[in-house]
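The values are calculated or read from the model by the stated rules, or taken from the named source; none is laboratory data. Quick caveat, the model's predicted, so the values are computed rather than measured. A quick note on method: Cβ atoms are made from the backbone with ideal geometry, for glycine too, and the neighbour counts reach across all protein chains shown. In case anyone asks, the SASA skips ligands and DNA or RNA and just uses the protein heavy atoms, side chains included. Shrake-Rupley method; radii C 1.70, N 1.55, O 1.52, S 1.80 Å.
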Amino acid sequence: MSRIQLHGVTKQYGDVTAVDGIDLDITDGEFLVLLGPSGCGKSTLLRMIAGLVEPSAGRLLIDDRDVTDVPPGERDLAMVFQSYALYPHLSVARNIGFPLRARRRSRADIRQRVTEVAGALDLGQLLDRKPRELSGGQRQRVALGRALVRDPGAFLMDEPLSNLDAQLRTSTRANLSDLHRRLGTTFVYVTHDQIEALTMATRVAVLNRGRLEQVGAPAEVYDRPASVFVAGFLGSPAMNLVDATIETVDGRLLVRAPGIELPLWPGETPAREVVLGIRPESLVRADAATAPIRATVELVENMGHEEVAHLDAGGTRLALRGPRPLNLTPGASTGLAVPLAAVHLFDATTGRRLAWRDTPQPAAVESEFETAPA
Ligand SMILES: Nc1ncnc2c1ncn2[C@@H]1O[C@H](COP(=O)(O)OP(=O)(O)OP(=O)(O)O)[C@@H](O)[C@H]1O
Ligand SMILES: [Mg+2]
């Protein structure tokens, strides 16, 4: 079990800053997911933790020991790579058991661990096969098993489920969460898949262009995204993000955008540009005569258990998601409303979340808006 601390960790490749001054404290036993789009620096950061890539700047501590210059083999970490290689001439059982044989553990011990891990990854029936007799997804699970068979201070995993089909991905996800609970070992897990992040992580670290946008529990990053980037990256379909202005009208704050006039609560604010964020599942239908948003239905998509309606509100495109059937037909007009608690506001220039006092009572409202801390 290990605590991993990063202080200003940076990686420069010529002109490219792949990882840019990351500060992160990964606590012992945590399942931390590094989440972000392709090229944002996830693998580079993980490889620096593993010791496979040397940081250009910054320090790395494992259990309070500075390991920045310690070789990979002496960091007590097990890593699963984005692309993996198995020993082609060895059976599945011997591939999985390989790290234990290298450490000269007893045969009985090896057999027991291999059986345990193979069971958890649903590989029990395949132990005698050679890698070439396996599907891509099965091979990937063998690679995962080879890491999990050890008992390291922490597991580092780089998109270990990327080759699995949807169904296997779901079951392997559950197996990994379960293993994490049972082992209590620190996991650092890289993915660009938000569902993997939200379902498995104890905390999610969202990366964008080598920088940390937000670190928090899954519910926190989803419910209170710290920036426009995080708001747009998590959620499917993506959060509706609309350029808007906020102003005071008759002692009440009002958000305005084409097709939208959304009153908030009593108070005063200097007029300012914002980005208004509303999740597709937060939009509800309302009486067109009084609703703050009026829109025309353009397209309705059937997602199986739900429908997604794409609407046009005076030139602003909005998505609404809800249980099927929504009873919206293309061409129809409808009123839309949104609960105040589901309104997200971001600074138009910095993209950071705007926070306001939690009690929207007149006496408590002065200059409500302040930029939320990163
Ligand atoms: N060895 C290298 N030399 C030069 N540039 C590199 C090298 N490795 C990575 N980069 C660059 O650093 C940036 C981050 O790469 P990295 O592989 O860490 O991204 P990633 O988040 O893991 O992406 P993906 O999701 O596609 O795997 C990219 O712009 C990449 O092109
Ligand atoms: Mg990568």
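In the stretch 282-299, what residues are within 16 Å of P258 (Cα to Cα) and either in contact with a helix residue (DSSP H, G or I) (Cβ under 8 Å, 6 or more places away or on another chain) or touching a residue at least 60 places away in the same chain (Cβ under 8 Å) (or both)?
Within the stretch 282-299, none qualify.
Could you please let me know if D69 is at pLDDT 95 or above, acidic (D, E), surrounded by fewer than 21 Cβ atoms within 10 Å (Cβ to Cβ) and in contact with a Lys or Arg (Cβ under 6 Å, 6 or more places away or on another chain)?
Criteria not met by D69.
Working carefully through the options I62, I49, find the one that is away from ligand 1 (no atom under 16 Å from the Cβ) and either closer than 26 Å to E196 by Cβ or not assigned by TED's automatic domain parsing to the domain that holds D178 (or both).
Only one candidate qualifies: I62.
Within the stretch 300-322, can you find the residues that are without any contact (Cβ under 8 Å) to a residue 24 or more places away in the chain and open to solvent by less than 60 Å² (accessible area, probe 1.4 Å)?
If the condition is that a residue be without any contact (Cβ under 8 Å) to a residue 24 or more places away in the chain and open to solvent by less than 60 Å² (accessible area, probe 1.4 Å), then G304, E306, E307, A309, H310 are the ones that fit.
Being out of contact with any Lys or Arg (no Cβ under 7 Å at 6 or more places or on another chain), surrounded by fewer than 17 Cβ atoms within 10 Å (Cβ to Cβ), in contact (Cβ under 8 Å) with a residue 24 or more places away in the chain and within 28 Å of L264 (Cα to Cα) is the filter here; which residues of the stretch 323-336 pass it?
A332
For the stretch 146-164, indicate whether the set of residues that are more than 16 Å from ligand 2 (Cβ to nearest atom), at pLDDT below 95 and surrounded by fewer than 17 Cβ atoms within 10 Å (Cβ to Cβ) is non-empty.
yes
Has the stretch 32-45 got any residue that is away from ligand 1 (no atom under 12 Å from the Cβ) and either under 12 Å from L156 (Cβ atoms) or modelled with pLDDT of 95 or more (or both)?
yes
So which residues in the stretch 145-164 are more than 20 Å from R3 (Cα to Cα) and under 19 Å from the mean Cα position of the chain (by Cα)?
E159, P160, L161, S162, N163, L164
Name every residue in the stretch 80-126 that is farther than 13 Å from V142 by Cα and not charged (D, E, K, R), in order of residue number.
The answer is Q82, H89, L100, A102, S106, A108, I110, Q112.
If I go through the stretch 23-40 residue by residue, how many of them are within 13 Å of ligand 2 (Cβ to nearest atom), open to solvent by 10 Å² or more (accessible area, probe 1.4 Å) and either in contact with a His (Cβ under 7 Å, 6 or more places away or on another chain) or within 11 Å of A205 (Cβ to Cβ) (or both)?
2
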